[in-house]
Every structure is written in C-alpha cells, then in structure tokens.
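Engineer: Okay, handing you the structure first.
The values are calculated or read from the model by the stated rules, or taken from the named source; none is laboratory data. Because the structure is a prediction, the values reported are computed rather than measured. Reconstructed Cβ throughout: ideal geometry from the backbone, glycine too, with neighbour counts over all protein chains shown.
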Amino acid sequence: MDNIHPIYILILALSLNILSQLYIKLVHKFTFLKSIKFGFSLGLVFFIIFFYNNTKLNIWDKFEISLLYILASYCYIVLINTPESSVRLKILFLIYKKKITKKKLLQKYNNNEMFKLRLKKLLKSKTIGIKKYNLFVINKNIIILFYLFKFLKKIYLGNNTKL
C-alpha cells in the first residue's frame, strides 16, 4: 500500500465518488442530494481506508490531501449543479435552441415565475414543507450542507464572496 502515490488514491476516491453518485441517481432514482451524499461518503470511506494505511506520509500530508478530496468533491458538485440551477445558462440554452423572443422570455423568467419554480423544486424534493401557509424546513441536512458549502467556498475563494 505504501507504493501507491497519494494522488492516485485521491483520483480513485474521487472517481468512485462520481461514478457511485451517478449510478445511484440514474439507476436507483435517488434524489440529487441523497446521491451526492452517498457518492461522497463512499469515496471518503475508500479514501480513508487506503490513504491512512500509507505509513510514509506524515499527518500534515494526510490532512492536506484529505482537504484536496473535500475541495475536489465540492468543485464537482458545483460543476454538475450549475447547469441545473443556473438561470443564466437556461436562458442561453433557450435562446440558442428555440430562438425565443424577448417577450416570451420575460414572461417565463419574471420574478414571480422564478420564485414559483424554486419553491416547487424545494417542495418536490421534500426539502421544505407547507403547513397552514407557513413554510418550514423538512430536511435539516440541507442546512448542514449549506454551512459546509459556505465554509468550503470561503476556503476556496477567500473572504471576497457572499453566500
């Protein structure tokens, strides 16, 4: 195990993360968030088992490469989520594919429609719920994930970002 370079273990763990996330999402129809948590966890377990058995590395090296796994996973999540969540990309795609008019685009993407669309997605994914006209968070893991992303974004981009 000591002969394997740590970067290969990192690449294998990240590959396992991505492949298992895609498999569980596409084949077993897990939600986006559950598939990401599953893929990240599986990759992390693989990473820990193989990486921490490497006795040639000191604890600081292990910490740095562990942080690289977390940041690489974060970048992957941002990359695959951007086309789904980016209104700007959806508008560009609509313009390119359908040659949509400005009037129709403004009808489809006004503030009220955007709010309804986002609210519908949150309700469908059971992230939030409605009880007597009051909204509440069902999935508390999303709050943990929010703070984790905020923390990783701060590490990755520095203090100049707002979330």
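Engineer: State whether the residues of segment 98-107 include one that is polar (S, T, N, Q), closer than 29 Å to Leu26 by Cβ and either within 19 Å of the chain's Cα centre (by Cα) or not assigned by TED's automatic domain parsing to the domain that holds Phe51 (or both). Full working, then the answer.
Structural biologist: Residues of segment 98-107 polar (S, T, N, Q): 101, 107.
Remaining after also requiring closer than 29 Å to Leu26 by Cβ: none.
Within segment 98-107, none of the residues are polar (S, T, N, Q), closer than 29 Å to Leu26 by Cβ and either within 19 Å of the chain's Cα centre (by Cα) or not assigned by TED's automatic domain parsing to the domain that holds Phe51 (or both).
Engineer: Only one of Lys103, Lys62 is farther than 24 Å from Leu123 by Cβ and out of contact with any helix residue (DSSP H, G or I) (no Cβ under 8 Å at 6 or more places or on another chain). Can you tell me which?
Structural biologist: Details: Lys62 fails: out of contact with any helix residue (DSSP H, G or I) (no Cβ under 8 Å at 6 or more places or on another chain).
The conditions single out Lys103.
Engineer: Could you tell me how many of the residues in segment 79-96 are at pLDDT below 80 and of a type in the set (A, V, I, L, M)?
Structural biologist: The total comes to 3.
Engineer: Which members of segment 31-70 meet the condition of being over 15 Å from Asn17 (Cα atoms) and either of a type in the set (Lys, Arg) or assigned by TED's automatic domain parsing to the domain that holds Lys153 (or both)?
Structural biologist: Hits for segment 31-70 are Lys56, Lys62.
Engineer: Can you tell which of Asn141, Asn81 is in the same structural domain as Gln21 (by TED's automatic domain parsing) and closer than 30 Å to Ala13 by Cβ? Before you say what the answer is, go through the steps one by one.
Structural biologist: Values: Asn141 fails: in the same structural domain as Gln21 (by TED's automatic domain parsing).
The conditions single out Asn81.
Engineer: Consider Phe115 carefully, then state whether it is of a type in the set (Phe, Trp, Tyr), within 27 Å of Lys29 (Cα to Cα) and loosely packed, with under 13 Cβ neighbours inside 10 Å. Walk me through how you get there before you give the answer.
Structural biologist: Working: of a type in the set (Phe, Trp, Tyr): yes; within 27 Å of Lys29 (Cα to Cα): yes; loosely packed, with under 13 Cβ neighbours inside 10 Å: yes.
So Phe115 passes the test.
Engineer: Going by what's in this entry, would Asn54 be described as at pLDDT below 85, polar (S, T, N, Q), surrounded by 14 or more Cβ atoms within 10 Å (Cβ to Cβ) and not in a helix (DSSP H, G or I)? First the steps, then the outcome.
Structural biologist: On the way: at pLDDT below 85: yes; polar (S, T, N, Q): yes; surrounded by 14 or more Cβ atoms within 10 Å (Cβ to Cβ): yes; not in a helix (DSSP H, G or I): yes.
Taking the combined requirement at face value, the residue satisfies it.
Engineer: Which of the following residues is surrounded by 11 or more Cβ atoms within 10 Å (Cβ to Cβ), within 24 Å of the chain's Cα centre (by Cα) and either at pLDDT 80 or above or polar (S, T, N, Q) (or both): Leu123, Leu145, Leu152? I'd like the intermediate steps shown before the answer.
Structural biologist: Working: Leu145 fails: either at pLDDT 80 or above or polar (S, T, N, Q) (or both); Leu152 fails: either at pLDDT 80 or above or polar (S, T, N, Q) (or both).
None of the other options fit; the residue is Leu123.
Engineer: Further question: Are there any helices (runs of 4 or more DSSP H) wholly within segment 69-163 with 1 or more residues that are without any contact (Cβ under 8 Å) to a residue 60 or more places away in the chain and under 25 Å from Ile36 (Cα atoms), and if so which?
Structural biologist: Details: elements: 87-98, 102-108, 111-124, 141-157.
In segment 69-163, 87-98, 111-124, 141-157 are the helices (runs of 4 or more DSSP H) which contain 1 or more residues that are without any contact (Cβ under 8 Å) to a residue 60 or more places away in the chain and under 25 Å from Ile36 (Cα atoms).
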